[in-house]
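Only the coordinates and a few stated rules stand behind these numbers; no lab work does. The structure displayed is predicted, hence computed values, not measured ones. We place every Cβ from the backbone using ideal geometry, glycine too, and count neighbours over all the protein chains shown.
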Amino acid sequence: MVPGSLTEEGAVALLDSKTRDEPLMRLEDIHVSYPVAGGPPKKVLNGIDLTFERGQFVSVVGRTGCGKSTLLRLVLGAEMPTEGRVIVGGREVLRPDRDRGYVPQKYSLFPDKTVLGNITFGLEVEEFSLLTSLTPRFYRRRREFRAEALRQLRHMGLQDCDAGKYPDQLSGGMQQRVAIAQALVMKPKVLLMDEAFSALDPGTRAAMQRLIREVWKETKTTVLFVTHNIDEAVRLGTRVIVLAKECATGAEGSRVALDVAVPDADERLSKARFAEEIAGVVRRVEEATGHLRGEEEDIVP
Amino acid sequence: MSLLNISARPSRLTCWILSWVLFATGISLYFYTAQRRHKENPDDRVVPTLGQLAAGIYQASMHPDGDEEQQPDNAAQSAIQRFRNGMLWKDTVASSRRFLYGLALLFPAVLLGLHMGIFPYFGVFFLRFILFFDKIIALSVLPILFIAFGIDELSKVMLIVIGVTPTIILDTFNLSKSVPPEQLVKGFTLGASDFDVAYRVVLKQIWPRVLNSIRLNLKPLMLFLFAGEMIASTDGLAYRIALLRRHMGMNIIIPYVLWVALLLFLVDLTMRLLNKKLHPWFREA
């Protein structure tokens, strides 16, 4: 071995310590355009530069069509930027993988699998290929996967009797609880939620908001939460990003109109001071969305 | 009570009675016609009476093919042995064998359709060709098949391949494409590989619909099988029907036609029940 050169373990440890110091995610000068038949491409995102630290709960808010779901899909790897790059955990994102959990608004569960099957799916495919899933070892390990899945299920406020149900036998709220459990069981670096609670009734939505906040506090998983509801964005996030088109310059495509930290209720603030700070953030977010072009109002305060 | 009322809710008994009316009418009309024709001509063979039909069924099921050598101890055989040596059983076995070959060949077609729907390069490579292939009238290439593959089993199986597989491939392709992209992305985020997503996410979701598609294509499959048997075969249900047509053997042809319909109905029912049992989550639209 050459003196002074690194062993393999040493290199991995060094890389780990380096990536630990680095921010978890970076969006570097992201531009996204879509081709339009018979016309110039339509620009959706125009020069987005963002950095996300580990353990943040980031809400992204903006009008319909401002590109917030596109932003999430870029981080997910389901879409590639026209220019720029997305880095997660020190690696450029080129396709979706197990580092990033995903909870969409619709089709969040596999309809052919039971609740338990949905949660254990990731654990099973990660360890067993199509062929090795026919071996006796798979069936032995499956018992352990199921125990882990049941633990997650209870953690999400569901009962053991729900484990054998199929997604279409569950309410919308229960489906999203299972979807969160399904994503979290893989211990992803980032949890990406795209309007995950938009289709729920107000009561269920509030319960889900409480649940995701509790889960985040416990696991400290980084969450990127896309919503069009300002109240939800501020209530959940430790940081709120507003995407909007610039009406002043008339440039096409959305940019970051506001990137603001939200005070935590746990911070040593008096109730009145906390309420005041939150109201201030809401006002700023509303202002940021209000600086948009005169489109129909679709932001829910 | 109006018969043309969209919101009508017929009772269970009414539904049962109404569903059998056309069967009862058809059977009554048939035997009425048979009776009248036999009054005019007691040797009429076009519309056999119940007695003639019964004799035909007995002959078909208990007697061997006339071309075969009569076994000397036929009378001494048990009823089951005689049935198994009878032409109905032998024809059924011969046709079923070809039918199963055809059915087995639909599974590679399903896999091809799946891969075309999931893997874009696969899709672009095959789609145009399969679309063209689908437009070929299978029966129009029958002479080519007989020349290319001979008049043995292979040509009949190839007829089924040309006739039915393009439909199954395209059906599976469309079904694969209809799986929401969120599901594919979800699969990847849970650590699945491309093949895991194809087989453990997409195929599992579309499988009940694929089975339905195969079920709905059973009749075309039988149609091509019958065409092959009628033209070039020495056994099989369609071969027998074609043969007896020359002798005006309606007393055997009619039971054969009903037997084929019953077999097809049973296969269809089995597939439907299996689909329901194996995929309790599946609700037909």
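Between A:R239 and A:R213, the modelled label-to-label distance comes to 2.0 nm, taking each label 7 Å out from Cα in the direction of the beta carbon.
Cross-link partners of B:K156 among lysines, defined as those whose alpha carbon lies under 20 angstrom from its own and excluding same-chain residues fewer than eight positions apart: B:K90, B:K135, B:K219. The value of relative contact order for the stretch B:85-278, using C-alpha pairs under 8 Å at least six residues apart, is 28 percent. Annotation: amide H of A:Q56 within the under-5 Å range of A:V223, sequence separation 5 or more or interchain, hydrogens built in the peptide plane. The spacing between the stretch B:156-225 and the stretch A:125-187, judged by their C-alpha centroids, is 26 Å. Global size of chain B: 24.1, 79 Å for Rg and Dmax (C-alpha atoms, Rg to one decimal, Dmax whole).
Relative to the dominant Cα principal axis of chain B, helix B:203-216 is inclined by about 30°.
With Rh defined as the Kirkwood radius, the inverse of the mean 1/r over Cα pairs, the Rg/Rh of the protein assembly as shown is 1.13.
Residues of the stretch B:260-285 with an amide N closer than 13 Å to a point placed 7 Å from the Cα of B:S178 along the Cα-to-Cβ direction: B:283-285. Highest mobility in the GNM of chain A, judged by mean-square fluctuation with C-alpha springs under 10 Å and restricted to A:S254, A:S129, A:S198, is found for A:S129. Shown is the FRET efficiency for B:S140 and B:T270, computed with R0 = 41 Å from the Cβ-Cβ distance and rounded to the nearest 0.05: 0.80.
Across the stretch A:12-123, C-alpha contacts under 8 Å between residues 6 or more apart give a mean separation that, scaled by the residue count, equals a relative contact order of 26 percent.
If I take R0 = 56 Å and measure r between the Cβ atoms of A:K187 and B:L22 in this structure, what FRET efficiency does the formula 1/(1 + (r/R0)^6) give, to the nearest 0.05?
Numbers: r = 63 Å, r/R0 = 1.12.
About 0.35, to the nearest 0.05.
Between the stretch B:1-41 and the stretch A:79-106, what is the C-alpha centre distance in whole Å? The distance from the Cα centre of the stretch B:1-41 to that of the stretch A:79-106 comes to 64 Å.
Taking Cα atoms only, the orientation of helix B:218-231 departs from the longest principal axis of chain B by about 50 degrees. Across B:D44, B:D134, B:D152, mean-square fluctuation computed from a Gaussian network of chain B (C-alpha pairs under 10 Å connected) peaks at B:D44.
Please get the size of the charge dipole for the stretch B:1-149, origin at its Cα centre, with Cβ charges of +1 on Lys and Arg and -1 on Asp and Glu, quoted in debye to the nearest 20.
The dipole of the stretch B:1-149 has a size of about 700 debye.
Dividing the Cα radius of gyration of chain A by its Kirkwood radius returns 1.00 for Rg/Rh. Over all Cα atoms in the stretch B:187-271, the spread is summed up by Rg and Dmax: 20.3, 68 Å. For the residue pairs A:K68/A:K106; A:K165/B:K177; A:K68/A:K245; A:K113/B:K177; A:K187/B:K186, the C-alpha atoms sit more than 18 angstrom apart in A:K165/B:K177; A:K113/B:K177.
Against the main long axis of the alpha-carbon atoms of chain B, helix B:153-177 sits at an angle near 40°. Phi angles of the stretch B:80-97 translate, via the Karplus equation with coefficients 6.51, -1.76, 1.60 and θ = phi - 60°, into HN-Hα couplings of 5, 4, 5, 5, 5, 8, x, 6, 4, 5, 5, 5, 5, 4, 4, 5, 4, 4 Hz per residue; Gly and Pro are given as x.
When only Cα pairs below 8 angstrom with a gap of at least 6 residues are kept, chain A shows a relative contact order of 23 percent.
Just grab the label-to-label distance for A:A272 and B:L13, each label 7 Å out from Cα along the Cβ direction, in nm (one decimal). Placing both labels 7 Å along Cα→Cβ, they lie 7.9 nm apart.
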